[in-house]
Amino acid sequence: MTSAPATGVLICDDVEMMRTLLREALEAQPSLHVVGEARDGDEAVTEARRLQPDVILLDLSMPKRTGLSALPEIVQVAPAAKIIVLSGFVTSTIAEDVLALGAQQFIEKGADIVAILDAIEAVVTSTVR
């Protein structure tokens with residue numbers, strides 16, 4: 001019996017500590033594999049295009065180009081990727097805004113790792129784009 005290939009995840013966050021914590025938590029899951037990292041919105045677009053990950057964890061507030069401004073282009077260059085937006089800046093409409101731009105989930109950065117893992121599982125098993 002062969003097991004399913006691991007879900008490839010691209011982590012996009014300007015804070016190195018956040019990328020490290022996410023990478024360690026995700027790599028501890030046998031079903032997940034971090035395929036790359038990006039530190040700003042421009043790198044997020046480049047890496048999404050190059051790597052074609054299954055899932056993208058995208059911070060909204062990054063230097064050079066925000067995740068919010070990069071999101072529509074990421075959707076275009078990696079159309080099969082499921083995008084989960086992480087943000088510490090929550091407004092009354094931000095979740096609606098990112099979902100309208102093509103993300104599948106929105107999670108506040110204060111959420112625990114279980115919520116992030118649950119969101120990854122939800123988008124991977126969903127048949128909705």
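The values are calculated or read from the model by the stated rules, or taken from the named source; none is laboratory data. Everything numeric in this text was worked out from a predicted model, so none of it was measured. Cβ atoms come from the backbone with ideal geometry, glycine included; neighbour counts cover every protein chain shown.
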query: Based on what the data block shows, is V9 surrounded by 15 or more Cβ atoms within 10 Å (Cβ to Cβ), in contact with a Gly (Cβ under 8 Å, 6 or more places away or on another chain), modelled with pLDDT of 95 or more and not in a loop (DSSP other than H, G, I, E, B)?
result: no
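Every residue in segment 27-44 that is under 14 Å from the mean Cα position of the chain (by Cα) and touching a residue at least 60 places away in the same chain (Cβ under 8 Å), please.
Residues of segment 27-44 that are under 14 Å from the mean Cα position of the chain (by Cα), as a first pass: 32-41, 43-44.
Within segment 27-44, just L32 meets the criteria.
Looking at segment 36-51 only, could you name the residues that are of a type in the set (A, V, I, L, M, F, W, C) and either surrounded by fewer than 19 Cβ atoms within 10 Å (Cβ to Cβ) or assigned to a loop (DSSP other than H, G, I, E, B) (or both)?
Looking only at segment 36-51, we keep the residues that are of a type in the set (A, V, I, L, M, F, W, C), and these are 38, 44-45, 48, 51.
L51, the sole residue that qualifies.
Hey, among D97, D59, which residue is charged (D, E, K, R) and touching a helix residue (DSSP H, G or I) at 6+ places or on another chain (Cβ under 6 Å)?
Working: D97 fails: touching a helix residue (DSSP H, G or I) at 6+ places or on another chain (Cβ under 6 Å).
None of the other options fit; the residue is D59.
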